[in-house]
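Chemist: Take this structure, written in structure tokens, and hold onto it; I'll ask about it next.
The values are calculated or read from the model by the stated rules, or taken from the named source; none is laboratory data. The structure displayed is predicted, hence computed values, not measured ones. Neighbour counts are summed over all protein chains in view; Cβ atoms, including those assigned to glycine, are modelled from backbone coordinates with ideal geometry.
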Amino acid sequence: NIIIFWHRRDLRVSDNIGLSQAYQKSSKLVGLFCLDSNLLNRDDIAPARVNYMLGCLQHLQKSYQKLGSQLLIFQGEPTKIIPKVADALNVDCVFWNNDVEPYSKERDKQVKEALEEKSIQSKTYWDQLLHAPGEILTKSNNDPYKVYTPFWRSWVKEEKADIVESIEKLESLSDEEINTVKDLGLIDLPTAKDLGYSWDAPLLLEPGETAAKEQLNYFSDNAIYSYQEQRNLPAIDATSKLSPAFKFGIIGIREVWQATVEAYENTRSDEARENIQTWQQEIAWREFYQHCLYFFPELAEGPYRDEFKEFPWDNNEQHFQAWCEGKTGYPIVDAAMRQLNETGWMHNRCRMIVASFLTKDLIINWQWGEKYFMQKLIDGDLSANNGGWQWSASSGMDPKPLRIFNPASQAQKYDPDGEYIRLWVPEISSLDTECLVTGKIPPLEAHSCGYPQPIVDHKQQQREFKERYKRIKN
Ligand code: FAD
């Protein structure tokens with residue numbers, strides 16, 4: 001009997017729990033991906049992300065062909081398409097891996113119900129996390145954690161699952177069988193241009209499983225051993241750059257964990273091991289934010305903390321535009337925003353700097369920044385992005401009341417030679433390093449370089465933000 005495996009954020013065939021379970025049921029298995037019209041019609045889609053995803057789908061199609069089967073691509077609403085296709089192919093069961101996002105949870109519930117109505121089974125698994133929501137709860141009350149550090153302590157202690165066994169061979173559908181689903185939205189894989197999302201710059205990471213595995217190997221043989229020391233320096237290539245692969249499940253999380261364990265065993269140096277553990281902590285941040293979104297879906301709608309629900313933001317459109325374009329007159333902020341606009345990715349330290357600047361210096365609602373990031377990021381992901389923004393805005397679960405970054409101190413500390421600034425803001429690259437990192441560029445020099453004067457004064461804005469915060473708290 002035919003089995004459908006519905007791919008969503010797991011565009012790979014190896015180390016895939018749901019797929020491997022489906023395969024155990026029957027090797028007459030076909031992969032299905034639905035270009036979800038509800039998602040593609042949103043106004044926070046990033047061209048780089050769509051390009052990466054379509055490239056990964058192309059690789060996934062080849063993986064299916066190599067295994068002897070097909071990946072069928074449909075376009076439309078999954079709630080309508082999946083049950084119809086399953087019915088037309090007379091399948092026994094549709095398998096997929098769960099997701100934490102509110103939209104996906106609701107969509108999956110509807111698909112499940114529609115399948116049930118047609119007496120078709122569905123089976124779902126947790127695949128994208130080392131520990132599913134509900135596995136890591138507070139010891140005292142069995143509640144989800146709201147603070148990262150205790151979450152990490154409990155998370156790291158739990159045993160991690162092994163890599164899932166590979167699939168060897170699948171049986172394909174006949175042409176006749178495929179013909180039965182031709183009118184149900186079956187399409188050839190479109191290009192990003194077809195969908196209106198052209199992207200000409202190189203992607204952060206080559207699409208597909210092979211490239212993601214190579215990148216994981218490269219990182220875990222090299223930069224992982226100095227990650228803690230170098231991860232905050234945006235001029236250095238010191239982080240894994242695997243975020244798009246994590247976003248679309250191009251690499252299995254158990255495989256990633258295994259790579260960190262091997263790196264750990266390959267060294268006897270305590271220092272190197274600490275560096276590896278710092279990277280494992282990032283993997284746990286990813287899981288923490290996914291658990292938070294799963295248990296507190298209201299995070300996606302707005303600030304978690306009540307006092308921020310009525311915060312008197314300035315929301316100055318011109319300031320927002322200057323921030324988006326990297327023309328604020330604060331070199332580190334501008335460098336970061338231009339990196340985002342030109343490459344579809346931004347270094348984590350810089351994400352924190354520009355997020356603090358938008359919310360605390362420009363006093364603009366963090367949700368504007370959250371959306372702009374989603375419109376640009378190759379790795380744009382609701383849980384991590386929302387988590388990062390709420391952390392930076394101080395509106396999230398984190399108990400620390402106010403977190404304000406001084407752009408000059410950040411640049412002095414993390415880009416001391418102005419290398420990152422010079423790379424992304426070339427018009428001021430010939431100025432003294434001191435000018436670049438402190439942002440104190442004499443007006444005449446700035447003018448002759450065509451670089452703007454600072455659009456706000458950091459100290460004044462910091463005071464203003466604190467006063468407003470005090471007012472709403474009382
Ligand atoms: P590495 O440093 O190599 O980390 C490895 C992996 O751990 C990352 O690929 C990512 O999956 C995960 N990770 C690392 N840091 C975090 C974090 N703070 N929160 C959650 N997961 C983390 N990350 C996204 O994947 N998508 C987003 O949309 C996103 N938006 C962000 C917005 C803001 C305001 C901030 C402050 C952070 C955001 N991050 C986001 C987290 C982080 O910046 C990126 O994951 C990281 O820069 C990706 O580069 P990397 O793969 O080289 O990371």
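Chemist: Please name all residue pairs, on different chains or six or more residues apart, with Cβ atoms under 7 Å, provided the first residue is in the range 424-447 and is of a type in the set (S, T, N, Q) and the second residue is not in a helix (DSSP H, G or I).
Modeler: Filtered contacts from the range 424-447: Thr433/Asp417; Thr433/Gly418.
Chemist: Within the range 329-367, restricting attention to residues that are aromatic (Phe, Trp, Tyr) and not in a helix (DSSP H, G or I), which residue is farthest from the ligand (Cβ to nearest atom)?
Modeler: Ranking the candidates gives Tyr330 first.
Chemist: So Gln258 fits all but one of (1) farther than 16 Å from His131 by Cβ; (2) surrounded by 17 or more Cβ atoms within 10 Å (Cβ to Cβ); what number is the exception?
Modeler: (1)
Chemist: State which residue is farthest from the ligand (Cβ to nearest atom) when the search covers only the range 247-268 and only residues that are among the polar types (S, T, N, Q) and in a helix (DSSP H, G or I).
Modeler: Gln258
Chemist: For the range 111-137, name all the residues that are in contact (Cβ under 8 Å) with a residue 12 or more places away in the chain and surrounded by fewer than 16 Cβ atoms within 10 Å (Cβ to Cβ).
Modeler: Glu117, Lys118, Gln121, Lys123, Glu135
Chemist: Moving on to the next point. Give the residues of the range 180-222 that are assigned to a loop (DSSP other than H, G, I, E, B) and aromatic (Phe, Trp, Tyr), sorted by residue number.
Modeler: Within the range 180-222, Tyr197, Trp199 qualify.
Chemist: Right, Ile441: β-branched (Val, Ile, Thr) and either part of a helix (DSSP H, G or I) or crowded, with 23+ Cβ neighbours inside 10 Å (or both) or not?
Modeler: No; evaluated as a whole, the condition is false for this residue.
Chemist: If I ask for residues that are without any contact (Cβ under 8 Å) to a residue 60 or more places away in the chain and within 18 Å of the chain's Cα centre (by Cα), which ones from the range 247-281 would you list?
Modeler: Val256, Trp279
Chemist: Filter the range 1-27 for residues that are out of contact with any helix residue (DSSP H, G or I) (no Cβ under 8 Å at 6 or more places or on another chain) and either part of a helix (DSSP H, G or I) or modelled with pLDDT of 95 or more (or both) and give the result.
Modeler: Asn16, Ile17, Gly18, Leu19, Ser20, Gln21, Ala22, Tyr23, Gln24, Lys25
Chemist: Name the one entry in Ala238, Ala211 that is within 19 Å of the chain's Cα centre (by Cα) and either under 26 Å from Trp96 (Cβ atoms) or away from the ligand (no atom under 14 Å from the Cβ) (or both).
Modeler: Ala211
Chemist: Being in contact with an Asp or Glu (Cβ under 9 Å, 6 or more places away or on another chain), modelled with pLDDT of 95 or more and either in the same structural domain as Tyr103 (by TED's automatic domain parsing) or acidic (Asp, Glu) (or both): is that true of Glu419 here?
Modeler: In short, no.
Chemist: Something else about it: Which of the residues spanning the range 19-52 are basic (Lys, Arg) and either outside the structural domain of Pro83 (by TED's automatic domain parsing) or over 23 Å from Glu177 (Cα atoms) (or both)?
Modeler: If the condition is that a residue be basic (Lys, Arg) and either outside the structural domain of Pro83 (by TED's automatic domain parsing) or over 23 Å from Glu177 (Cα atoms) (or both), then Arg42, Arg49 are the ones that fit.
Chemist: How many residues are more than 8 Å from the ligand (Cβ to nearest atom) and of a type in the set (S, T, N, Q) if we restrict to the range 368-385?
Modeler: Here the count works out to 1.
Chemist: Is it the case that the range 269-292 has a residue that's part of a loop (DSSP other than H, G, I, E, B), within 16 Å of the ligand (Cβ to nearest atom) and buried (at least 21 other Cβ atoms within 10 Å of the Cβ)?
Modeler: no
Chemist: Within the range 28-126, considering only helices (runs of 4 or more DSSP H) that don't extend past its boundaries, which have at least 1 residues that are modelled with pLDDT of 95 or more?
Modeler: Filter on the range 28-126 gives 47-67, 78-88, 102-117.
Chemist: Yes or no: the range 173-181 includes at least one residue that is buried (at least 20 other Cβ atoms within 10 Å of the Cβ), touching a residue at least 60 places away in the same chain (Cβ under 8 Å) and more than 16 Å from the ligand (Cβ to nearest atom).
Modeler: Yes.
Chemist: For the range 314-328, name all the residues that are assigned to a loop (DSSP other than H, G, I, E, B) and either assigned by TED's automatic domain parsing to the domain that holds Pro47 or crowded, with 17+ Cβ neighbours inside 10 Å (or both).
Modeler: Residues satisfying the conditions are Gly326, Lys327, Thr328.
Chemist: Still on this structure, please answer the following. Are any residues in the range 228-246 in a helix (DSSP H, G or I), in contact (Cβ under 8 Å) with a residue 12 or more places away in the chain and polar (S, T, N, Q), and if so, which ones? So that I can check it myself, show each step before the final result.
Modeler: Kept after step one, since they are in a helix (DSSP H, G or I), are these residues of the range 228-246: 228-230, 243-246.
Going one step further and asking which of them are in contact (Cβ under 8 Å) with a residue 12 or more places away in the chain, we end up with 228-229, 243-246.
Answer for the range 228-246, where residues must be in a helix (DSSP H, G or I), in contact (Cβ under 8 Å) with a residue 12 or more places away in the chain and polar (S, T, N, Q): Gln228, Ser243.
Chemist: Same structure, new question: Name the pairs whose Cβ atoms lie under 6 Å apart, with the first residue in the range 369-380 and under 11 Å from Trp345 (Cβ atoms), the second within 9 Å of the ligand (Cβ to nearest atom) and aromatic (Phe, Trp, Tyr), and 6 or more positions between them or separate chains?
Modeler: Ile378/Trp345
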